[in-house]
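The values are calculated or read from the model by the stated rules, or taken from the named source; none is laboratory data. In this text, all values refer to a predicted model and were calculated from it rather than measured experimentally. Cβ: placed from backbone, ideal geometry, glycine included. Neighbour counts: every protein chain shown.
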Amino acid sequence: MDDFSRFQAMVDQSERIVFFGGAGMSTESGIPDFRSEDGLYRQEYDYPPETVISATFFHRHPEVFFRFYRERMLCLTAQPNVGHLKLAELEEKGKLQAVVTQNIDGLHQFAGNKNVLELHGSVHRNHCLQCGKFFSAQFILESDGIPLCPCGGTIKPDVVLYEESLDSQTITRSVDAISTADLLIVGGTSLAVYPAAGLIDYYRGSRLVLINRTPTSADARADLILRGNIGELLGRLVVL
Ligand code: NAD
């Protein structure tokens with residue numbers, strides 16, 4: 001049996017699938033990741049991306065933060081790819097329990113997934129730091145300089161910046177989902193960002209499938225590794 005057929009068999013035999021993913025899930029939708037050859041970390045800026053998207057930098061240099069954020073992180077025209085759509089189909093058929101994602105692009109929800117645990121927040125939620133008023137991602141995209149609320153407060157995207165902690169309820173729900181999964185599919189992630197990457201340690205089953213273009217730190221304990229494009233590979237699955 002080839003590797004893809006083994007993957008298909010695991011999906012067929014599983015009823016509590018959890019998908020844990022990262023930026024690689026959306027590269028086939030045209031959103032750059034951080035660590036690939038053409039990822040944001042390989043591009044030249046005055047400051048490295050991990051500096052710009054830190055809480056300290058946001059508060060000290062908000063105008064530079066928002067320039068980077070609008071140019072590189074707000075991809076509002078991106079559409080879900082076939083992989084996102086397949087995960088939505090798996091949930092619809094009652095086989096997938098949760099999508100746990102490090103992504104902030106909202107594409108899993110656009111594809112139709114309901115139980116999406118966003119570890120790093122979402123570009124689609126933005127709040128005034130002073131009065132709490134909600135603003136859309138489109139509003140942030142169309143604003144100039146530092147986006148301001150009518151009350152005068154700065155509007156901050158609800159994305160988890162470096163130095164900020166993850167939402168504890170989202171972590172608890174992710175741990176619950178992963179620890180009770182019968183198949184954990186991990187894909188499109190370098191597993192380099194903690195604490196998110198550590199959550200896959202809660203999986204205790206015997207079907208850990210890794211789908212990534214490049215090796216990761218979890219390769220040694222994977223039951224199956226598929227090298228290739230995750231959207232394409234997930235898209236090939238037949239959901240019974
Ligand atoms: P990463 O950039 O560190 O790693 C991406 C991994 O995916 C790499 O190992 C790469 O080889 C692999 N990959 C890229 N495209 C792929 C494809 N089509 N098929 C299979 N594998 C593919 O991303 P990360 O691990 O998610 O960590 C980066 C952080 O950046 C995350 O915390 C995330 O919040 C944030 N981020 C999010 C987005 C987004 O929301 N779309 C985009 C960039 C960065």
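Side notes on the structure shown:
- Search result, residues across segment 196-217 that are touching a residue at least 24 places away in the same chain (Cβ under 8 Å), away from the ligand (no atom under 11 Å from the Cβ) and of a type outside the set (V, I, T): L199, Y202, Y203, R204, G205, R207, L208
- Positions within segment 195-216 being assigned to a loop (DSSP other than H, G, I, E, B) and touching a helix residue (DSSP H, G or I) at 6+ places or on another chain (Cβ under 8 Å), in sequence order: P195, Y203, R204, R207, N212, R213
- Residue list for segment 66-96, restricted to those being more than 13 Å from the chain's Cα centre (by Cα), within 12 Å of the ligand (Cβ to nearest atom), under 23 Å from V186 (Cα atoms) and part of a loop (DSSP other than H, G, I, E, B): A78, N81
- With respect to the stated conditions, A220 fails to be at pLDDT below 95, exposed (fewer than 15 other Cβ atoms within 10 Å of the Cβ) and within 16 Å of the ligand (Cβ to nearest atom).
- Residues that are of a type in the set (S, T, N, Q) and under 17 Å from the mean Cα position of the chain (by Cα), drawn from segment 142-167: S165
- Some residue of segment 15-31 being at pLDDT below 95, more than 14 Å from the ligand (Cβ to nearest atom) and over 22 Å from L191 (Cβ atoms): no
- Identification of helices (runs of 4 or more DSSP H) wholly contained in segment 97-194 with 1 or more residues that are modelled with pLDDT under 95 and either within 12 Å of the ligand (Cβ to nearest atom) or closer than 20 Å to V18 by Cβ (or both) yields no element.
- L233 vs. criteria assigned to a helix (DSSP H, G or I) and in the same structural domain as Q8 (by TED's automatic domain parsing): yes
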